[in-house]
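Enquirer: Quick one: structure below, then a few questions.
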Amino acid sequence: MVEKFISVNGEGLAAGQLAAFIRFAGCNLWCSYCDTRWANHPLVEVEGWSVANLAQWVRDSEVRCVTLTGGEPLLQPHLSALVEALLAQEDPHPLRVEIETNGSRDLRPLEELRRQAARKRLPGQLCFTVDWKTPGAGSEVSAAMDCGNYLLLDKRDAVKFVVASLEDLQFARDRCRDLGLFESTNVLLSPVWGQIEPAAIVGFMQENNLGQARLQLQMHKIIWPGVEKGV
């Protein structure tokens with residue numbers, strides 16, 4: 001883990017709500033626009049916390065949302081244990097646990113964990129925000145997506161396209177139509193900061209009748225411009 005903090009959710013389906021953020025080190029991709037590259041450096045300073053201590057830190061914060069992010073959280077060997085501990089929490093209240101993942105790692109073990117948690121009647125809710133990397137992220141990065149992940153998502157979840165250009169928007173539209181994602185899950189369109197105007201995304205949505213997609217702005221970058229950590 002490279003940092004943990006309480007802040008407002010800047011993006012995703014819980015945008016605007018306070019959340020406990022746990023950011024893990026390391027990523028298997030190298031996106032051109034990555035805004036947490038510092039967390040992926042091989043010499044980044046990390047902290048080792050046990051599952052029990054992290055769950056207790058979340059409990060003490062008294063927030064209702066937890067965001068597990070990175071880096072790439074699906075690289076963490078004890079992620080499932082942490083997720084289950086968070087989903088089991090009832091005091092002071094059940095948690096919404098969100099995993100933000102880059103789309104290249106197999107999501108099936110965690111989707112099965114979600115099913116098991118439902119069978120055990122754990123009080124928390126597990127949600128996924130899965131990126132689908134566009135050509136603007138880099139051709140090799142975009143080609144690394146595990147397309148089966150998106151078929152696992154439902155209305156609790158979201159697929160996020162970070163877009164830098166008209167080409168990226170067309171890519172996102174076509175992938176969503178190919179897999180029926182507008183009907184099966186939530187689709188988020190997020191601009192690469194400084195590379196495309198939000199108005200251009202809205203215009204594309206209007207021209208292509210993308211009424212089931214959502215424009216998403218990174219709220220934390222608006223509130224704390226230029227701040228990379230702790231937000």
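The values are calculated or read from the model by the stated rules, or taken from the named source; none is laboratory data. Just so it is clear, the structure is predicted and the values come from calculations on it, not from any experiment. Cβ atoms come from the backbone with ideal geometry, glycine included; neighbour counts cover every protein chain shown. Protein only, heavy atoms only, side chains kept; ligands, DNA and RNA dropped before computing areas. Shrake-Rupley method; radii C 1.70, N 1.55, O 1.52, S 1.80 Å.
Enquirer: Output wanted: per-residue J couplings in Hz (rounded whole) for segment 80-91, from phi through Karplus 6.51 cos²θ - 1.76 cosθ + 1.60, θ = phi - 60°, x for Gly and Pro.
Expert: Taking θ as phi minus 60°, the curve returns 4, 5, 5, 4, 5, 5, 6, 5, 7, 5, 10, 10 Hz for segment 80-91.
Enquirer: How large is the dipole of segment 81-188 about the Cα centre if only Lys and Arg carry +1 and Asp and Glu carry -1, each at its Cβ, rounded to the nearest 20 debye?
Expert: 360 debye
Enquirer: When the Cα centres of segment 1-24 and segment 198-226 are compared, how far apart do they sit, in Å?
Expert: 20 Å
Enquirer: Filter the GluC sites (Glu not before Pro) in segment 78-177 to those in DSSP coil with at most 14 other Cβ atoms within 10 Å of their Cβ, and list the result.
Expert: Here the GluC sites (Glu not before Pro) that fit, given the DSSP loop and packing criteria, are Glu90.
Enquirer: Just to confirm my numbers, what's the Cα centroid distance between segment 71-125 and segment 126-152 in Å?
Expert: What the calculation gives is 19 Å, centre to centre.
Enquirer: Also, I was wondering about something else. In Å², and per residue, what accessible area does segment 75-231 have when probed at 1.4 Å with the other protein chains present?
Expert: I get 48 Å² per residue for segment 75-231.
Enquirer: Mind pulling the per residue volume of the convex hull built on the Cα atoms of segment 21-179? Å³ is fine.
Expert: Taking the convex hull of the Cα positions in segment 21-179, it is 115 Å³ per residue.
Enquirer: Next up: Please compare each pair in Lys4/Lys221; Lys133/Lys221; Lys133/Lys155; Lys4/Lys133; Lys160/Lys229; Lys120/Lys160 to a cut-off of 23 Å on the Cα-Cα distance and tell me which ones are over it.
Expert: Lys4/Lys133; Lys120/Lys160
Enquirer: For segment 7-115, with only Lys/Arg (+1) and Asp/Glu (-1) charged at the beta-carbon, what is the dipole magnitude about the Cα centre, in debye rounded to 20?
Expert: 180 debye
Enquirer: In percent, what relative contact order does the chain have, based on Cα pairs under 8 Å that are 6 or more apart in sequence?
Expert: RCO, the chain: 19 percent.
Enquirer: Could you identify which residue out of Pro135, Pro42, Pro123 has the top mean-square fluctuation in a GNM of the chain using Cα springs shorter than 10 Å?
Expert: With Cα springs under 10 Å in the chain, the top fluctuation among Pro135, Pro42, Pro123 is at Pro42.
Enquirer: Rounded to the nearest 500 deg cm²/dmol, what is the calculated helix-only ellipticity per residue at 222 nm for the chain, with -39500 (n - 2.57) per DSSP H run of length n ≥ 4?
Expert: -8500 deg cm²/dmol
Enquirer: Still on this model: Highest GNM mean-square fluctuation, the chain, Cα pairs closer than 10 Å: which of Thr129, Thr67, Thr36?
Expert: Thr36
Enquirer: Sticking with this one: Please compute P(r) over all alpha-carbon pairs of segment 82-171, binned at 10 Å starting from zero, and give each bin as a whole-number percent.
Expert: Result returned by the calculation: 17, 42, 26, 13, 3.
Enquirer: With the full set of protein chains in place, find how many percent of the accessible area of the chain is carbon and sulfur; take the probe as 1.4 Å.
Expert: 50 percent
Enquirer: Do any trypsin sites (Lys or Arg not before Pro) in segment 119-187 lie in a DSSP loop with no more than 16 other beta carbon atoms within 10 Å, and if so, which?
Expert: The qualifying sites are Lys120, Arg121, Lys155, Arg156.
Enquirer: Okay, next question. Considering the options Ser165, Ala137, Val187, tell which one lies farthest towards the positive end of the dipole of segment 111-229, charges being +1 on Lys and Arg and -1 on Asp and Glu at the Cβ, about the Cα centre.
Expert: After comparing all options, I get Val187.
Enquirer: Here's another thing I want to ask about it. Suppose we look only past 17 Å in the calculated P(r) of segment 173-231. What percent of the Cα-Cα pairs does that tail hold?
Expert: 48 percent
Enquirer: Students sometimes get this wrong: rank His93, His78 by accessible area, probe 1.4 Å, all chains present, largest first.
Expert: Greatest to least solvent exposure: His78, His93.
Enquirer: Counting only DSSP beta bridges with both residues in the chain, what percent are antiparallel, rounded to the nearest 5?
Expert: About 20 percent, rounded to the nearest 5.
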